[in-house]
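What follows is a set of notes on a single structure, which appears directly below.
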Amino acid sequence: AQGVLDFDLVIFDEASQVKVVDALIPILRGKQIVVVGDSKQMPPTDFFSRTFENDEEEEETVTGDIESILSMFLAQGAPESMLKWHYRSRHDSLINVSNQEFYEGKLKVFPSSGTDSNAKGLKFNHIADSHYERGLSRTNPIEAKKVAEQVFIHAKNNSNLTLGVVAFSTAQRDCLLLEIERLRRLDPS
């Protein structure tokens, strides 16, 4: 029909918070549906939008007891998989209780130095004098220099361990590679 929007893919994020009634039209218009959510979270509430006058006259429906779009898909036996990385927590201790009580110990956080100074993992290093050259090289040369120095420190002190370096643009990656090459020429060891 003319003027009807159809979608190749419809994604529901935080699906445990999306009411079934709000999701039905997008589902009908989508060829494929991806539902992302956490069934351990509290379901959406309609406490503030409810009217209490006609409670007795409400029709019962098949989906009446299903609280969220996530619950509906789980009830239909849709294939599911668990996303195990918990990217919001910097240390295991922040999610240990809920991980054990609700997720059977399956959640993982990114490696973190946490409170142990000898631990390996992600650590925030603020470089106060660095700046992004917007409109010019589209890089942060001071940051690239500092990262290259850390690569060299790692290579000299932990040569038995691998190291991954991620840049958020190809321009910054290239700047970093040039800086590493410059340091290699200064110190071929």
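Annotations
- Total residues in region 13-31, condition in a helix (DSSP H, G or I) and not β-branched (Val, Ile, Thr): 9
- The set of residues from region 136-151 being over 19 Å from Phe124 (Cα atoms) and open to solvent by 70 Å² or more (accessible area, probe 1.4 Å) comprises Leu136, Arg138.
- Yes/no for Val34 being open to solvent by 50 Å² or more (accessible area, probe 1.4 Å), out of contact with any Gly (no Cβ under 6 Å at 6 or more places or on another chain) and either modelled with pLDDT under 60 or over 29 Å from Gly105 (Cα atoms) (or both): no
- Neighbours by Cβ (under 7 Å, 6+ apart or cross-chain): first from region 14-28, farther than 10 Å from Glu67 by Cα and open to solvent by 40 Å² or more (accessible area, probe 1.4 Å); second assigned to a loop (DSSP other than H, G, I, E, B) and of a type outside the set (Phe, Trp, Tyr): Glu14/Gly37
- Residue list for region 64-101, restricted to those being farther than 21 Å from Ile11 by Cα, at pLDDT 70 or above and under 16 Å from the mean Cα position of the chain (by Cα): Ile95
- Of the numbered criteria (1) in a helix (DSSP H, G or I); (2) at pLDDT 90 or above, the one Asp8 fails is (1).
- Members of region 152-177 that are open to solvent by less than 70 Å² (accessible area, probe 1.4 Å) and in contact with a helix residue (DSSP H, G or I) (Cβ under 6 Å, 6 or more places away or on another chain): Phe152, Ala167, Cys175, Leu176
- Pairing residues of region 144-164 that are in contact (Cβ under 8 Å) with a residue 12 or more places away in the chain and on the phi < 0 side of the Ramachandran plot with residues that are open to solvent by less than 70 Å² (accessible area, probe 1.4 Å) and assigned to a loop (DSSP other than H, G, I, E, B), at Cβ distances under 6 Å and at least 6 apart in sequence or on separate chains, gives Lys146/Ile127.
- For region 123-148, residues that are over 26 Å from the mean Cα position of the chain (by Cα) and β-branched (Val, Ile, Thr) total 1.
The values are calculated or read from the model by the stated rules, or taken from the named source; none is laboratory data. Just so we're clear, the structure is a prediction, and the values are computed from it rather than from any experiment. Neighbour counts are summed over all protein chains in view; Cβ atoms, including those assigned to glycine, are modelled from backbone coordinates with ideal geometry. These accessible areas exclude ligands, DNA and RNA; they are computed on the full protein's heavy atoms, side chains included. Shrake-Rupley method; radii C 1.70, N 1.55, O 1.52, S 1.80 Å.
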